[in-house]
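To keep things clear, I will list the structure first and then write my remarks on it.
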Amino acid sequence: MEEKKKENLKRICIPGQRICRADTSNITGGKGTYTRQGYICASLAGYIHIDRQEKNSVIHVKRGIEQNVVPEAGSIVTVKITSVNPRVCKCSILCVEDTELREPFRGQIRKEDVRSTEKDLVELYKCFRPGDIVLARVLSIGDAHSYFLSTAEDELGVVISISEAGVPMIPGSAEMQCPKTYVTEPRKVAKVIPEHIAVEKKKA
Amino acid sequence: MAGLELLSDQGFRLDGRRPHELRKIECRMGVFAQADGSAYIEQGNTKVLAAVYGPHEMRGSKSRGLHHKVLINCQYSMATFSTGERKRRPRGDRKSQEMTLHLKQTFEAAIMTQLYPRSQIDIFVEVLQADGGNYSTCVNAATLALVDAGIPLKDYVCACTTGFVNDTPMVDISFVEESLGGPQLTVAVLPKSEQIVLLEMASRLHVDYLNKVLKTAVKGCKDVYVILDEVVRNHVAQIASSVGSE
Amino acid sequence: MVLERSDGRDCWKTRRTIINVGSIGTAYGSALVRRGKTTIVCGVKGELANSRPENPGDGFLVVNLDLPPLCCPLFKPGPPSEQSQSISQFLNDIVTSSGCVVLSDLSIEGQLVWCLFVDIICLEYDGNVIDAAVLAMLAALTNTKLPKITVSNDNGEIKVSEALEILAVKSQPVTTTFVYQQDGGHVMVDPSFEEEYDAAGILSITLQEDGSLVKLYKPGGLQLPDSVLEQCIAKARSLSKDMWHLLKTVSETVET
């Protein structure tokens, strides 16, 4: 235990500390580092982790606890729908990838970003309702008010939804059914990849 | 006349320090659970608290948001009981606004702002007791709080206020030394690269002495850096051992 | 049925309280109170003033609470919020109703009186600021040392001496705050941030050592039956005893 502690202490770094030279072709700086004057330097206070892959090794600096993140273009986010109108759907971003945010950011899903096919025939009220939890991808930073999000992929869409009776609904292919009243409500459902289901069935 | 009191013939200052000695610095990180990062620092009798929130969504007028970098929002506040004479306005008066702007400009140089476009980082600094070197202590406290919050920095920012009496530069001046007159130089540097982030000088100083005073000030900042560095390393090791490092 | 709260306490247990006095050298009296995670710092400063003609020989005591944005992300920078102003008024009312500091004690000579400013700043907000602020105010006042002022008879010159005299604090009104939830009305003492946020109503009871009730504060909220109110007053009595003991211990350690 003591030896492990001492070894870890060696790899503590602080902002501004030089880690290694950057000009060797098989070392790149990852999260928590920046390059200056030919050296890779740390920008956070934490531990140095080296990800060794075949040709490349990437250096990260990780803290013991979670850091604050900000949604980036291309990342998958978990949002909660706050309001729906015929043109755009406003939502509040709760998690980015697997990090929960301390304070939500604002996002919007435009009518043309809901599906990849038949974009002009989309009716937003039949895709999302307020209170739904949706998986989406960040398209861009957007305008001053909110991030632009898209669910135009099979794996993106509504994950959890509460029916009008107040019960969580069971997902179908293009709609969700309430287990209490058996009423189906149309939604843009997130499809789970079939391989996943096969793994779960084997376990059972 | 004033010079004789501030620096004795044997080379001792009013509180018994040598001209190049800093005051006793005690600091702690992670003092608050609500804030994303927090720190408390005592430099002699000057006591400062810093809290950092962010990065989070822009608050207030969205038009102030910048599309390519993060907006840094600072607030410098002095408790009404922090000075000898009761301060009527803790914040919003001209001196506080000037300090706020200086802090903002200082940290814009140190924080890697391009990582969080259209977001905001709040830095709140509260002076509980003011005994000289307010700005410097605030910068040191805010640096620790930013490191605690995990906001990527190019380097630490360390600051120090230096006075000049009897051809001798005096590092880390207290309130009494500040008010008895003489030129004062406040400098904030990035210690590793020795780059100056902020430089402010008050009162008259002959140009020939500038280099000497500046060198002493930068050396003072580096001494502060050594102390802050050790505190950060201990804090990181402590967190990892309590959470469970990989 | 014993109800356990999210931090493991039972309904009638307060969080661990730590009081530290005299840390701020520039103030005549100061105190730092930590209750759970709620942290409050208080400083007492004095200025000389002329008393009002309608109350000659009465000094002034002004209490002010500040909830800066650094204590909690809910508070935004700007002018004092409604919450901070209403708590400041609450504290001023306690001082006046309890008579813990008699205003005529603050007179120096003739028209000249002390004007004491008690400034309280919340450094971390985790619920129940009122109780912690009252404790901080009492701890700071009990350990306030004012310089002795003499007015020379011939030219009216005011002399401030180095000697300090302790401010006389006649009583210590301690506040205990309860919250109650919507379902079945479970009452809990010393709420944390989440408990305060979700509460259907809040009740603050201020008692003095001689057993008298100084202030009862129930700002709106769900209706409360009489029996619950009496139960709360009884609990407040026993919990306040611990606080008086703590304040006494703090004063004694300062003197030694």
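Restricting C:Ala49, C:Ala27 to residues that are within 14 Å of chain B (Cβ to nearest Cβ) and part of a loop (DSSP other than H, G, I, E, B) narrows the list to C:Ala27.
Can you tell me which condition A:Ser146 does not meet? The list is (1) surrounded by fewer than 18 Cβ atoms within 10 Å (Cβ to Cβ); (2) within 13 Å of chain B (Cβ to nearest Cβ), and all the others hold. Every condition holds for A:Ser146 apart from (1). Residues in segment C:193-231 that are of a type in the set (A, V, I, L, M), over 23 Å from C:Asp126 (Cβ atoms) and in contact with a helix residue (DSSP H, G or I) (Cβ under 7 Å, 6 or more places away or on another chain) were compared, and the one that is surrounded by the most Cβ atoms within 10 Å (Cβ to Cβ) is C:Leu207. Every listed requirement among (1) more than 12 Å from chain C (Cβ to nearest Cβ); (2) surrounded by fewer than 23 Cβ atoms within 10 Å (Cβ to Cβ); (3) under 12 Å from the mean Cα position of the chain (by Cα); (4) among the hydroxyl-bearing types (Ser, Thr, Tyr) is met by B:Thr143 save one, (2). Could you tell me whether C:Pro73 is more than 13 Å from the chain's Cα centre (by Cα) and either surrounded by fewer than 18 Cβ atoms within 10 Å (Cβ to Cβ) or among the small types (Gly, Ala, Ser) (or both)? So C:Pro73 fails the test. Among residues belonging to segment B:202-226 that are hydrophobic (A, V, I, L, M, F, W, C) and farther than 13 Å from B:Cys160 by Cα, point out the one that is nearest to the other protein chains (Cβ to nearest Cβ). Ranking the qualifying residues of segment B:202-226, first place goes to B:Val226.
Here C:Asp126 passes the criteria (1) more than 14 Å from chain B (Cβ to nearest Cβ); (2) under 30 Å from B:Phe32 (Cβ atoms); (3) touching a Lys or Arg at 6+ places or on another chain (Cβ under 7 Å); (4) not in a strand (DSSP E or B) except the one numbered (1). Per the listing B:Leu214, B:Leu198, the residue uniquely touching a strand residue (DSSP E or B) at 6+ places or on another chain (Cβ under 6 Å) and surrounded by fewer than 23 Cβ atoms within 10 Å (Cβ to Cβ) is B:Leu198.
Listed here are the strands (runs of 3 or more DSSP E) enclosed by segment B:27-113 that have at least 2 residues being facing chain C (nearest Cβ under 9 Å) and of a type in the set (Gly, Ala, Ser): B:46-57. If the condition is being more than 16 Å from B:Arg118 (Cβ to Cβ) and either touching a Leu at 6+ places or on another chain (Cβ under 9 Å) or at the interface with another protein chain (Cβ under 10 Å from one of its Cβ atoms) (or both), then segment A:93-108 contributes A:Leu94, A:Cys95, A:Glu100, A:Arg102.
Candidates are the residues of segment B:229-246 that are surrounded by 17 or more Cβ atoms within 10 Å (Cβ to Cβ) and more than 7 Å from every other protein chain (Cβ to nearest Cβ); the one that is modelled with the lowest pLDDT is B:His235.
Take residues that are β-branched (Val, Ile, Thr) and more than 30 Å from C:Leu146 (Cα to Cα) and tell me which of the strands (runs of 3 or more DSSP E) falling wholly in segment C:169-256 contain 1 or more.
It comes to C:174-180, C:187-189, C:201-207.
Taking the listed residues C:Arg9, C:Arg52, the one that is modelled with pLDDT under 90 and closer than 30 Å to C:Tyr180 by Cβ is C:Arg9, with no other qualifying.
Hey, among the residues in segment C:52-62 that are more than 12 Å from chain B (Cβ to nearest Cβ) and part of a strand (DSSP E or B), which one's nearest to the chain's Cα centre (by Cα)? Steps first, please.
Within segment C:52-62, the first condition is being more than 12 Å from chain B (Cβ to nearest Cβ), and the residues that meet it are C:52-61.
With the extra rule that they be part of a strand (DSSP E or B), the set shrinks to C:60-61.
Numbers: C:Phe60: 17, C:Leu61: 13 Å.
By that ranking, first place goes to C:Leu61.
The values are calculated or read from the model by the stated rules, or taken from the named source; none is laboratory data. Quick caveat, the model's predicted, so the values are computed rather than measured. Because the Cβ atoms are built from the backbone with ideal geometry, glycine has one as well, and the counts that use them run over all protein chains shown.
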